[in-house]
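The values are calculated or read from the model by the stated rules, or taken from the named source; none is laboratory data. Values in this document were obtained by computation on a predicted structure and should not be read as measured data. For neighbour counting, all protein chains shown are included, and Cβ atoms are generated from backbone atoms with ideal geometry for every residue, glycine included.
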Number of protein chains: 2
Amino acid sequence: MRRKLDGLLFPRSVAVVGASATPGKVGHALFTNVLSFPGPVYAVNPKYRELLGRPCVPSISELPEPVDLAVIVIPAEAVTDALRQCGEKGIKNVVVISAGFKECGVEGAKREQELVRVAEEYDLNVLGPNVLGLISTKVGLNATFAPRGALPGQIAFLSQSGAFCTSVLDWAWKEKLGFSHFVSLGNKAVLNECDFLLAFAEDPETRVIVAYLEGIQDGPRFMAIAREVTREKPIVVLKAGRAEAGARAVSSHTGTMAGSDHAYDAAFRQCGVIRARTVEELFDFAYVLSRQPLPKGRRIGIVTNAGGAGVMAADAAEWEGLTVARLRDETLQALAQKVPEEAAIYNPVDVVGHATLEQYQAALELVLADPGVDLGVALSAPHPILRFVDLARVASQAQQRSGKPVAVSFMAGELGEEAEEILRRAGIPSFFDPARAVRALATLAKYAEIRQRPVFNLQELPGKRERVQKILAEARHKGRVRLGLEAADLLASYGIPFARGGVAKTAEEAKRIAQEINGPVAVKILSPELTHKTEVGGVRLGVPPEEVDRVAWELLTNVKGRFPEAIIDGVYVQEMLPPGREVILGMVRDPTFGPLLMFGLGGIYVEVLRDVAFAVAPLSRAEAEELVELIRGKKLLYGARGQPPVYVSGLVDLIVRVGQFAVENPDILELDLNPILCYPERVVAVDVRLTVAEEGT
Amino acid sequence: MRRKLDGLLFPRSVAVVGASATPGKVGHALFTNVLSFPGPVYAVNPKYRELLGRPCVPSISELPEPVDLAVIVIPAEAVTDALRQCGEKGIKNVVVISAGFKECGVEGAKREQELVRVAEEYDLNVLGPNVLGLISTKVGLNATFAPRGALPGQIAFLSQSGAFCTSVLDWAWKEKLGFSHFVSLGNKAVLNECDFLLAFAEDPETRVIVAYLEGIQDGPRFMAIAREVTREKPIVVLKAGRAEAGARAVSSHTGTMAGSDHAYDAAFRQCGVIRARTVEELFDFAYVLSRQPLPKGRRIGIVTNAGGAGVMAADAAEWEGLTVARLRDETLQALAQKVPEEAAIYNPVDVVGHATLEQYQAALELVLADPGVDLGVALSAPHPILRFVDLARVASQAQQRSGKPVAVSFMAGELGEEAEEILRRAGIPSFFDPARAVRALATLAKYAEIRQRPVFNLQELPGKRERVQKILAEARHKGRVRLGLEAADLLASYGIPFARGGVAKTAEEAKRIAQEINGPVAVKILSPELTHKTEVGGVRLGVPPEEVDRVAWELLTNVKGRFPEAIIDGVYVQEMLPPGREVILGMVRDPTFGPLLMFGLGGIYVEVLRDVAFAVAPLSRAEAEELVELIRGKKLLYGARGQPPVYVSGLVDLIVRVGQFAVENPDILELDLNPILCYPERVVAVDVRLTVAEEGT
């Protein structure tokens, strides 16, 4: 069965619309690259009948066949028309190289809208516009205008920046790094990263998907796809543009803390995407993931003939989150027999400088054979006797025999060059810096854990969406966009535990509510203007039921007297809760991913220590558990300093429910549950502030 | 004037003791390398009369002159004797290549002691034993047995690992990185890193000192020297062995938190040593510091013709602590006139892909000329028109004209190679990864700040050392190695503010102390066994003066009844203090650097959040201020959440005094002042625990 993008990624025939005979022109560079394609290649250009030995027709309609792929490299004004001709001709896959669209002001944006319309009309797969092109090494197609092609390999590469594509191609050529597919995404008018993730997931040539992205077009779709794909294949992303683009207008606590980079970090973490910080990391990770097997755990074995290198590798293991493996007694005994007397047989195993090749090999094989070792690194310095080519063979044999991942650091310059080819054939990553080799291995361990994570399982909980929407509509109708405790009911209707209480407009109502609560209560003024209730003297705590009417009357009168302009909706009468561990859960809307939750311990932990963590909703229980685990002060929840642990399972449930509440009510723009009190046997929200969109959903 | 190590680092004549004619022998490899030395070279070996064209004598005593430098490469057993002969001959500088000393068991250690004795007897400068050798490019000396020499340059390199030396030489050759001196430190029996820091500091050929160290021999001397040297020249250190070598037996709070790596981090920070984490960082930092000028600040200007590269550089600037400079209006206006219309003129300045060389050059020069820009990075992707060699010239001209530091990232492989030579000549660091270029620039900014830091100024405060020592001696005499509140006086005698109070052995004494305090007091049981006073019911708070005798009597009786085995020294009667912000200051003895202070906010901030910072004592006021600044929760001291700021200046004074107390009383092994209460107008320690060495100083 042919899949949606097969014609684009594995075409059997290609036409270049705008191919040129003039060197220096993009249409010439492109056509020259396409010429190496083994299938039929046509040029479309009214100027020629033949071009560089290939047939050339004056227009798309005159092509002898509806080619699998058309590549358009003509002025922007003419692109839409050419696209329509493709549609008419029955050509389904089009790469639009031409620039002059959304990236070029209002005129360009209109042109791009038109392009999208035609693509939809004819159901075309359009890559671009404004791209370098695409390469598929499997079918021998280089449909880019880059000066370099790509070597075959198992890495599928996506880039939002065309310039970065040329950089990577040139650099990869020098490094002999190969690709299955190489795609310049450009303006993503029709096809975007999601479409290619799906296609690469099914492509047997691709073992790793690597992307340079400056933004994601459809956050929820990206997450849904990536969650699935990363169970089968690793996705490594360099997301550029971490720096915040200035302040936004925010009214919630969460809003002042959450940036779009938090959303990307959370989304990538939740769906198992590995985030690279730099270009170096991007390709180090891609290479090792494409060529080495996955380890069973994080325990590293280190073999060296130079002490310093072993120490550096052990240091790197620690800060990359690997464990320096403890070798079992059998391994230690065998090592002691095989290596020189002065050798250090405890991991890191240092066979010392005068060890022979056989001794080095024995040590490496013994260490990798130890069931307590999950991955290995082989280190060496230049040596008067041992040759790096021999060490390279030893490393690749040991890797194959053990089936465990191996990286090497032969800390050398030219002396190590000959060995590089051997290591490359064996797929063993090799770096001068031992720390870099260890970091690459750590990525394998990370991805192995990503594959093993629980399947994303969304709990569907009963939530009274209609009721919430009705109340929000009423508030909006009254011009109320900020709600306080009067919104407690909304949350309760989603099963989110909230301190018992109710709104009272009069002293008598207050008394009735207090009688129902049947215990001391807190009486809090309700006013959209007076959000800092305590500071304005609008809160009374521990009021006995019999005094509630008096206290409510006093509060209403006093506050009214002090703030005659303020709208006062009454008081909120709430059960008094004993002191407990305070946490905060907030939500803002991220433009890319939607509801972004923030969790933290309240007060100074949030404001001063910034000890908070983020997750995109909806989220599974496992993801909510992870969210709680991510804060530095989590021990305070699990029972530190003689305190009993709080009811974490209830907290996790609350987080999942707030996530669902946020997803189902997108007109709630921001939300703070602060504080939520956590006790050993229950958790309960005590206060809420939320902001409603002025327009309904 | 000749300085101490001139004969070693700039010899005029050299003898190789143990030079050999047999290829494959270390004595042959070494002598072959030494042959390129332009001055007189002699071999010492009874087997030959001449060796590879140079005169050879049978023994050191028969050398025709007392050479400046003897290099010894003979079996370990014969080394001490050869050293003695050098001494007799008047040879002052000796490199001992031979291994078989401290690194080889008990026998070797004895041999090394003997070597040190002879070196002291004849006042010899001995490098080694167990070294690769040394290189001085200025005088053309390669006295190593490495297969590669070193190119001339301005980096002086020290390494504790000989294998790492061979690695660096081979790699540096490929990278064309040059050195002024290259020294393998080996066992550091006589000369160690400190001696070379001093020598390199005065060497006009050396601009940067770089070291790979696994340990430091004399921490306080290292700090004293490095504090001075880093004011003139940068020192970059890769200190390997970060991982902790198992748990130590500790009894203090601070002891459970402080590791030797904290001591290294603190010491390096305090004396301005830049710490590299990896080999890559070590040489990236060394290169940029040796070739680029220092910036005035942290504001970076970014010029690119490829958008993605600019975004990556801006991201890297943020996480490296640089600021993306805000260009002034004049610059923006000039840019607008010089670059293509589509260009982005706000920093990062993206001249876009079709900019000409002139446009790129104009942008780079304008950005660097902006007084709000301190350093610049020039970025490019492979380009159909612009050649990297031209961009390299443009970058180096712009650097020279502006006098500001510049790094480049031409994101290319082979296409960029030709440009590398131009950049190398200009000393401009060049990396594929823009993040790496920015990181190198950030190091320049960091070092510029190190040079500008306040001069180390040690406040000498009056401290009653004799009194403290007398009390400690008494405690030791009684077999008491752990002291509690009874040690409050010791601290007070160094001017460390302590809550008023005193030891009472009887109820009457307790009453008398309380009357002096004249207000409510705390009464606390004093027992070396019962360190958790509160848990055993041994603390009564807020006791009115008139009830103190009764309470003291009760405490003594009750505790005695419950813990009949415990030694009870009486009670401590202490003024009651109002609640305040609690901090902890502790001290442990680091084996390398001595007294290591730990500072943090008390309680969960230390135990759960591990929000603590370290400094080596003695420390200046400026360093104590920095220590307070280093904790994440520092805002809680400077007045967060509506609280007034605490008396930070008093806290700083207390820290300085505790540092002096620890330095002057080295038999105090561990110390916890916990809590110290901080108020707006004063700080005061409330409790203390300290451990005394069983042997006095």
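Assorted remarks:
- Scanning the range A:51-68 for residues that are touching a Lys or Arg at 6+ places or on another chain (Cβ under 7 Å) and under 18 Å from A:P38 (Cβ atoms) returns a single hit, A:D68.
- Residues within the range A:367-397 that are part of a helix (DSSP H, G or I) and of a type in the set (V, I, T), tallied: 3
- The residues of the range B:533-549 that are touching a strand residue (DSSP E or B) at 6+ places or on another chain (Cβ under 8 Å) and either small (G, A, S) or in a loop (DSSP other than H, G, I, E, B) (or both), listed by number, are B:K533, B:V536, B:G538, B:G542.
- Against the test of being more than 32 Å from the chain's Cα centre (by Cα) and among the β-branched types (V, I, T), the options B:I496, B:I471 yield a single qualifying residue, B:I471.
- Single residue of the range B:64-114 satisfying the filter (among the acidic types (D, E) and under 22 Å from B:Q160 (Cα atoms)) that is surrounded by the fewest Cβ atoms within 10 Å (Cβ to Cβ): B:E107
- Residue that is surrounded by the most Cβ atoms within 10 Å (Cβ to Cβ), among those in the range B:517-532 that are in a loop (DSSP other than H, G, I, E, B) and either modelled with pLDDT of 90 or more or over 44 Å from the mean Cα position of the chain (by Cα) (or both): B:P520
- Taking the range A:533-580 as the range and being among the small types (G, A, S), at pLDDT 85 or above and in contact with an Asp or Glu (Cβ under 9 Å, 6 or more places away or on another chain) as the test, the residues that pass are A:A552, A:G570.
- Filtered residue count, the range A:456-494, keeping only those that are in contact (Cβ under 8 Å) with a residue 12 or more places away in the chain and either in contact with an Asp or Glu (Cβ under 7 Å, 6 or more places away or on another chain) or at positive phi (or both): 7
- Selection within the range B:404-414: residues that are of a type outside the set (D, E) and in contact with a Lys or Arg (Cβ under 8 Å, 6 or more places away or on another chain). The member of this set that is farthest from the other protein chains (Cβ to nearest Cβ) is B:S409.
- Residue check, B:F456 more than 30 Å from A:G241 (Cα to Cα) and either touching a Cys at 6+ places or on another chain (Cβ under 9 Å) or part of a loop (DSSP other than H, G, I, E, B) (or both): yes
- Complete set of residues in the range A:187-197 that are of a type in the set (A, V, I, L, M, F, W, C) and touching a residue at least 60 places away in the same chain (Cβ under 8 Å): A:A189, A:V190, A:L191, A:F196
- Every residue from the range B:555-569 that is of a type outside the set (A, V, I, L, M, F, W, C) and in contact with a helix residue (DSSP H, G or I) (Cβ under 9 Å, 6 or more places away or on another chain): B:D569
- Selection count where residues are touching an Asp or Glu at 6+ places or on another chain (Cβ under 9 Å) and free of Cβ contacts under 8 Å to residues at least 60 places away in the same chain, scope the range B:138-160: 5
- All positions within the range B:561-583 that are touching a Gly at 6+ places or on another chain (Cβ under 8 Å), surrounded by 24 or more Cβ atoms within 10 Å (Cβ to Cβ) and of a type in the set (A, V, I, L, M, F, W, C): B:V573, B:V583
- Among the conditions (1) away from chain B (no Cβ under 14 Å); (2) crowded, with 18+ Cβ neighbours inside 10 Å; (3) in a helix (DSSP H, G or I), the only one that A:R117 does not satisfy is (2).
- Selection status of B:G600, away from chain A (no Cβ under 14 Å) and in contact with a strand residue (DSSP E or B) (Cβ under 9 Å, 6 or more places away or on another chain): no
- Filter result for the condition that a residue is in contact with a helix residue (DSSP H, G or I) (Cβ under 8 Å, 6 or more places away or on another chain), buried (at least 19 other Cβ atoms within 10 Å of the Cβ) and modelled with pLDDT of 95 or more, over A:L472, A:L423, A:L483, A:L491: A:L423
- All helices (runs of 4 or more DSSP H) inside the range B:143-252 with 1 or more residues being within 14 Å of chain A (Cβ to nearest Cβ), among the aromatic types (F, W, Y) and crowded, with 23+ Cβ neighbours inside 10 Å: B:162-175
- Among all positions in the range A:126-142, there is at least one residue which is more than 14 Å from every other protein chain (Cβ to nearest Cβ), closer than 24 Å to A:V279 by Cα, over 28 Å from the mean Cα position of the chain (by Cα) and assigned to a strand (DSSP E or B).
- Positions within the range B:421-438 being among the charged types (D, E, K, R), away from chain A (no Cβ under 12 Å) and within 18 Å of B:L289 (Cα to Cα), in sequence order: B:R424, B:R425
- Among the criteria (1) among the polar types (S, T, N, Q); (2) outside any loop (DSSP other than H, G, I, E, B); (3) touching a residue at least 40 places away in the same chain (Cβ under 8 Å), the one A:S36 does not fulfil is (2).
- Residue satisfying all of: in the range A:391-410; surrounded by 24 or more Cβ atoms within 10 Å (Cβ to Cβ) and polar (S, T, N, Q); nearest to A:A314 (Cα to Cα) among these: A:S409
- Qualifying residue in the range A:373-390 (condition: within 23 Å of B:G24 (Cβ to Cβ), surrounded by fewer than 24 Cβ atoms within 10 Å (Cβ to Cβ) and basic (K, R)): yes
- Complete set of residues in the range B:398-419 that are over 14 Å from B:R291 (Cα atoms), in a helix (DSSP H, G or I) and in contact (Cβ under 8 Å) with a residue 12 or more places away in the chain: B:A398, B:R401, B:S402, B:L415, B:G416, B:E418, B:A419
- You will find that of A:T323, A:T331, the residue that is more than 30 Å from B:L379 (Cβ to Cβ) and away from chain B (no Cβ under 14 Å) is A:T331 and no other.
- When A:V583 is tested against (1) among the β-branched types (V, I, T); (2) farther than 25 Å from A:V692 by Cα; (3) touching a Cys at 6+ places or on another chain (Cβ under 8 Å), just one condition goes unmet, and that condition is (2).
- Each residue in the range B:535-560 was checked for being crowded, with 16+ Cβ neighbours inside 10 Å and small (G, A, S), and 2 pass.
- Filter result for B:V311 (among the β-branched types (V, I, T), more than 30 Å from A:R641 (Cα to Cα) and either surrounded by fewer than 24 Cβ atoms within 10 Å (Cβ to Cβ) or within 14 Å of chain A (Cβ to nearest Cβ) (or both)): yes
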